[in-house]
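A.B. asks: This is the structure, below, for whatever I ask next.
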Amino acid sequence: MSTRITPLQVYKLLPGTNCKKCGTTCMGFAMKLINRQARIEDCPLLTSDPKYAGKLAELTKLLAPLISASETLVNIDLDKCIGCGNCVIACPANVVLDTRAGKGLNPLSDEVLWLVEDGKIKVLHLEKCRRYPPHRMNCNVCELVCYSEAIKVVA
Amino acid sequence: MEIEGVPCTSCSLLCDDIVVDVRDNTVTRVLGTCSHGTKRFKELVGARPMKAAIAEQGGLKEVSVDEALEKAAEILKVAKKPLIYGGANSTNRTVELLVKLAQKLRGLYDSSASICHALLDLDPSFLGARLDDILEDADFILYWGADPAETHLRHASRYAVFPRGRSTPMGRESRIVAVVDVRETNTMRIAQHKVLLRPGSDAELARALRDLMFSKTPTVGEAAGVTLRDLSSIIKDLKPATYVAMFIGRGLLQSEKPEEALSSMAELARSLLELGKKVSIMPMAEYVNSMGQALITKKLGGAPRALDFSALKEHMSPEATATCQLEREGVDAALIVKSEVSEELTPLAVKALMRIPTIVLEERATWTFSNGKVSVPLSIMGVESGGTVTRMDGVEVKLKPFLKPPASVADEEVFLERLSSSL
């Protein structure tokens with residue numbers, strides 16, 4: 001099940017004053033935080049006013065998975081990965097890059113997004129993921145097909 | 001050196017798209033194997049037994065393979081009714097040799113119980129489908145009592161669910177997946193229909209689905225613990241399907257009445273056929289060559305397991321299983337090939353086995369191996385030794401070994417042929 005961080009969740013932990021000291025509204029700032037285009041410290045109210053200390057702590061905790069996530073905002077836990085290859089075969093980007101994947105075979109091309117090596121997923125070209133910025137598509141096929149919950153789309 | 005197209009021998013899927021990188025007789029990298037296959041290809045070589053041994057006066061004496069063979073022949077020669085056990089983890093030729101050895105010695109041949117044995121008796125019109133056909137055309141996949149996310153990790157990605165086929169151009173989006181089990185399984189994560197049934201009510205569920213297919217009005221609000229709403233939802237997806245592929249797992253054997261469940265499922269399959277659909281029933285073979293073991297044994301002995309050759313006319317009966325004969329002390333020696341008896345037989349049968357001389361042929365360091373009177377380490381099938389094994393759909397796959405085995409281990413086929421000719 002998806003446990004993505006949503007803009008509304010982030011917004012609720014912001015001051016909500018729309019002071020625009022960060023350059024945008026609080027909702028806009030929430031979007032920027034999720035897309036990693038801004039940092040929490042860019043909100044002066046949140047970091048300097050003690051009355052927001054609770055919200056700051058909660059927001060830092062909420063956004064923690066974003067820090068370890070890749071540019072595609074996906075976290076892969078290799079300890080959980082069982083190498084079933086569901087993601088590699090189901091991935092729409094991978095099939096276009098190596099037609100072998102479309103037929104259920106492990107890709108052999110060096111140009112694919114990812115393949116299975118030594119019983120685990122190995123990412124070769126993250127920039128070929130449909131979620132890669134700036135044209136980030138809201139694709140989460142890999143997360144949906146993962147048997148072991150090793151793949152998590154964080155936002 | 002990169003070797004392409006190596007069949008993986010960790011399960012009965014026998015994935016044949018594996019690439020192995022070998023340097024100095026060591027595997028440095030494997031492409032395409034799941035975690036189970038990787039363990040077999042990379043780790044088993046370092047963890048397996050290396051020396052043949054004979055148990056003597058409470059200790060183990062290391063011997064050569066030839067000495068072990070001599071001792072094994074000695075044990076089998078004096079035995080009145082030996083048990084020959086195994087085959088599901090061996091090559092097809094080995095299965096043949098084991099059955100013929102039992103026949104020659106007028107002993108008992110048996111192998112671990114498998115869902116393959118139960119399914120061989122079904123109407124042949126449901127059997128015979130190939131995994132490749134399912135990849136191309138099956139648009140309704142039904143896993144029943146099977147959890148490939150634990151057992152056959154690449155089943156969905158290599159064949160049944162995710163590949164894009166002739167009639168399923170969108171892969172998973174072109175197929176409906178239903179999983180029937182008594183508990184929530186990881187395979188259910190990829191299914192549109194997650195069916196949790198009451199343990200032992202497989203037959204009831206199959207009957208309910210059949211009735212609903214023919215639009216019979218149900219008299220109760222649920223069947224087998226599944227609500228009518230969920231059942232109707234399955235039927236809604238089952239009706240437009242053109243090819244229904246049913247995969248039956250070992251879970252069915254553990255239900256109270258597996259025969260009744262299977263016959264109800266066959267009835268369901270028959271009604272789907274009547275409605276003009278293509279239907280296949282395939283066992284999720286538990287061990288790498290469970291299917292080969294079942295097919296060859298049935299061909300040679302008339303039944304897929306439990307053959308008693310001690311009588312003038314061999315027959316299969318519940319009394320002829322290894323468990324039953326051991327518990328009754330009906331056998332006086334045993335040859336066990338690549339089988340962990342502590343997992344496959346009852347504790348009582350294992351105790352009885354420990355009282356008779358046992359010859360154990362094994363590629364892994366198992367409890368059975370360390371408790372044999374004569375223990376012979378084998379080369380690892382599909383890694384160090386070749387041969388042919390049978391995939392879960394009956395397709396024979398030729399193995400492509402890529403490592404040189406150590407001199408102190410035996411090849412199972414060669415060892416058994418020599419043993420057989422020395423008797």
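A.B. asks: Heads up, I need the accessible area for B:GLU204: 1.4 angstrom probe, whole protein in place, Å², nearest 10.
C.D. replies: B:GLU204 has an accessible surface of roughly 70 Å² with all protein chains in place.
A.B. asks: Keeping all protein chains in place and using 1.4 angstrom, which order do B:SER422, B:SER112 fall into by accessible surface area, from largest down?
C.D. replies: Order by accessible area, largest first: B:SER422, B:SER112.
A.B. asks: Would you work out which of B:CYS116, B:LEU348, B:GLN254 lies farthest towards the positive end of the dipole of the protein assembly as shown, given +1 charges on the beta-carbon of Lys and Arg and -1 on that of Asp and Glu, about the Cα centre?
C.D. replies: B:GLN254
A.B. asks: Then there is this: Answer with one residue from A:TYR52, A:LEU144, B:TYR143: the one whose Cα lies farthest towards the positive end of the charge dipole of the protein assembly as shown, charges on Cβ with Lys, Arg +1 and Asp, Glu -1.
C.D. replies: Comparing the listed Cα positions along the dipole, A:TYR52 ranks first.
A.B. asks: Using only helices, what value at 222 nm comes out for chain B when you add -39,500 (n - 2.57) per DSSP H run of length 4 or more and divide by the total residues, to the nearest 500 deg cm²/dmol?
C.D. replies: Value at 222 nm, helices only: -9000 deg cm²/dmol.
A.B. asks: When the dipole is taken about the Cα centre of the protein assembly as shown, and only Lys, Arg (+1) and Asp, Glu (-1) are charged at their Cβ, what size is it in debye, to the nearest 20?
C.D. replies: 1520 debye
A.B. asks: Residues of A:74-85, mean number of Cβ from any other protein chain within 10 Å of their own Cβ, rounded to a whole number?
C.D. replies: 4
A.B. asks: Per-residue ellipticity at 222 nm for chain A, helices alone: DSSP H runs ≥ 4 residues times -39500 (n - 2.57), over residue total, nearest 500 deg cm²/dmol?
C.D. replies: Calculated mean residue ellipticity at 222 nm is -9000 deg cm²/dmol.
A.B. asks: Please compute the volume of the convex hull spanned by the alpha-carbon atoms of region B:2-41 and report it per residue in Å³.
C.D. replies: So the per-residue Cα hull volume is 56 Å³.
A.B. asks: Next question, about the same structure. Could you list, in their original order, any pairs among B:LYS61/B:LYS338; A:LYS120/B:LYS194; A:LYS152/B:LYS236; B:LYS71/B:LYS338; B:LYS61/B:LYS400; A:LYS120/B:LYS239 whose Cα atoms are separated by more than 29 Å?
C.D. replies: Distance filter (> 29 Å) returns A:LYS152/B:LYS236; B:LYS61/B:LYS400; A:LYS120/B:LYS239.
A.B. asks: Can you pull out the trypsin sites (Lys or Arg not before Pro) in region B:265-314 that DSSP calls coil and that have at most 10 other Cβ atoms within 10 Å?
C.D. replies: B:LYS313
A.B. asks: Sticking with this structure for a sec: Rounded to two decimals, what is Rg over Rh for region A:7-68 when you use alpha-carbon atoms and the Kirkwood radius?
C.D. replies: So for region A:7-68, dividing Rg by the Kirkwood Rh gives 0.91.
A.B. asks: Please list B:ASP211, B:ASP17 in order of solvent-accessible area, largest first, computed with a 1.4 Å probe with all protein chains present.
C.D. replies: Result of the area sort, largest leading: B:ASP211, B:ASP17.
A.B. asks: Using Cα pairs closer than 8 Å and at least 6 residues apart in sequence, work out the relative contact order for chain B, in percent.
C.D. replies: Here the relative contact order equals 25 percent.
A.B. asks: Let me check against my output: what whole-number percent is the relative contact order of region B:2-41, with C-alpha pairs under 8 Å and at least 6 apart?
C.D. replies: 35 percent
A.B. asks: Then there is this: Among the trypsin sites (Lys or Arg not before Pro) in region B:327-408, which ones are in a DSSP loop with at most 14 other Cβ atoms within 10 Å of the Cβ? Mind listing them?
C.D. replies: Here the trypsin sites (Lys or Arg not before Pro) that fit, given the DSSP loop and packing criteria, are B:ARG328.
A.B. asks: Would you kindly calculate the translational diffusion coefficient of region B:256-317, applying Stokes-Einstein with the Kirkwood radius from alpha carbon pairs, for 20 °C and a viscosity of 1.002 mPa s, and quote it in µm² s⁻¹ without decimals?
C.D. replies: 151 µm²/s
A.B. asks: Please list B:ASP181, B:ASP66 from largest to smallest accessible area, probe radius 1.4 Å, with all protein chains kept in place.
C.D. replies: Sorted descending by solvent-accessible area, the residues read B:ASP66, B:ASP181.
A.B. asks: Take peptide A:115-122, look around each residue's Cβ out to 10 angstrom, count Cβ atoms belonging to other protein chains, and average those counts.
C.D. replies: Rounded to a whole number, the mean comes out at 6.
A.B. asks: Counting only Cα atoms, I'd like the Rg/Rh figure for chain A, Kirkwood definition for Rh.
C.D. replies: Rounded to two decimals, Rg over Rh is 1.08.
A.B. asks: Stokes-Einstein at 25 °C, 0.890 mPa s, Kirkwood radius from Cα pairs: D for region B:142-234 in µm² s⁻¹?
C.D. replies: D, rounded to a whole number, is 173 µm²/s.
A.B. asks: Would you compute the Debye intensity of region A:71-143 from its alpha-carbon atoms alone, equal scatterers and no solvent, and pass along log10 I(q)/I(0) at q = 0.12, 0.13, 0.22 Å⁻¹ to two decimals?
C.D. replies: Those come out to -0.28, -0.33, -0.97, one per q.
A.B. asks: Could you tell me what % of all Cα pairs in the protein assembly as shown have separations over 29 Å?
C.D. replies: Within the protein assembly as shown, distances greater than 29 Å cover 61 percent of Cα pairs.
A.B. asks: Given the protein chains as shown and a 1.4 Å probe, how many square angstrom of A:THR99 are accessible, to the nearest 10?
C.D. replies: We get 110 Å² for A:THR99.
A.B. asks: A further question follows. Heads up, I need the accessible area for A:VAL123: 1.4 angstrom probe, whole protein in place, Å², nearest 10.
C.D. replies: 60 Å²
A.B. asks: Within 10 Å of each candidate Cβ there may be at most 14 other Cβ atoms; applying that plus a DSSP loop requirement, which GluC sites (Glu not before Pro) in region B:105-182 survive?
C.D. replies: When the GluC sites (Glu not before Pro) of region B:105-182 are filtered for loop state and at most 14 Cβ neighbours within 10 Å, B:GLU150 remain.
A.B. asks: Under 15 Å Cα-Cα from B:LYS51, which aspartates and glutamates qualify once same-chain neighbours fewer than 8 residues away are excluded?
C.D. replies: The qualifying aspartates and glutamates are B:GLU62, B:ASP66, B:GLU67, B:GLU362, B:GLU363, B:ASP411, B:GLU412.
A.B. asks: Please give every one of the lysines within straight-line cross-link reach of A:LYS32, meaning a C-alpha to C-alpha distance under 16 Å, and leave out same-chain neighbours fewer than 8 residues apart.
C.D. replies: Leaving aside lysines fewer than 8 places away in the same chain, those within reach of A:LYS32 are A:LYS12, A:LYS20, A:LYS21.
A.B. asks: Something else now. Relative contact order of region B:116-283: what whole-number percent is it, with Cα pairs under 8 angstrom and at least 6 residues apart?
C.D. replies: It rounds to 30 percent for region B:116-283.
A.B. asks: What translational D, rounded to a whole number of µm²/s, comes out for chain B from Stokes-Einstein when the hydrodynamic radius is the Kirkwood one over Cα pairs, at 4 °C and 1.567 mPa s?
C.D. replies: Translational D for this selection: 57 µm²/s.
A.B. asks: Hey, another quick one. Roughly how many whole Å is it from the C-alpha centroid of region B:285-307 to that of region B:231-249?
C.D. replies: That distance is 29 Å.
A.B. asks: Pairs to check: B:LYS373/B:LYS404; A:LYS122/B:LYS278; B:LYS100/B:LYS404. Give those whose C-alpha atoms are more than 31 Å from each other in this structure.
C.D. replies: A:LYS122/B:LYS278
The values are calculated or read from the model by the stated rules, or taken from the named source; none is laboratory data. As the structure is a computational prediction, the values presented were derived from the model and not from experiment. Cβ: placed from backbone, ideal geometry, glycine included. Neighbour counts: every protein chain shown. Note: areas computed on protein heavy atoms with side chains; ligands, DNA, RNA excluded. Shrake-Rupley method; radii C 1.70, N 1.55, O 1.52, S 1.80 Å.
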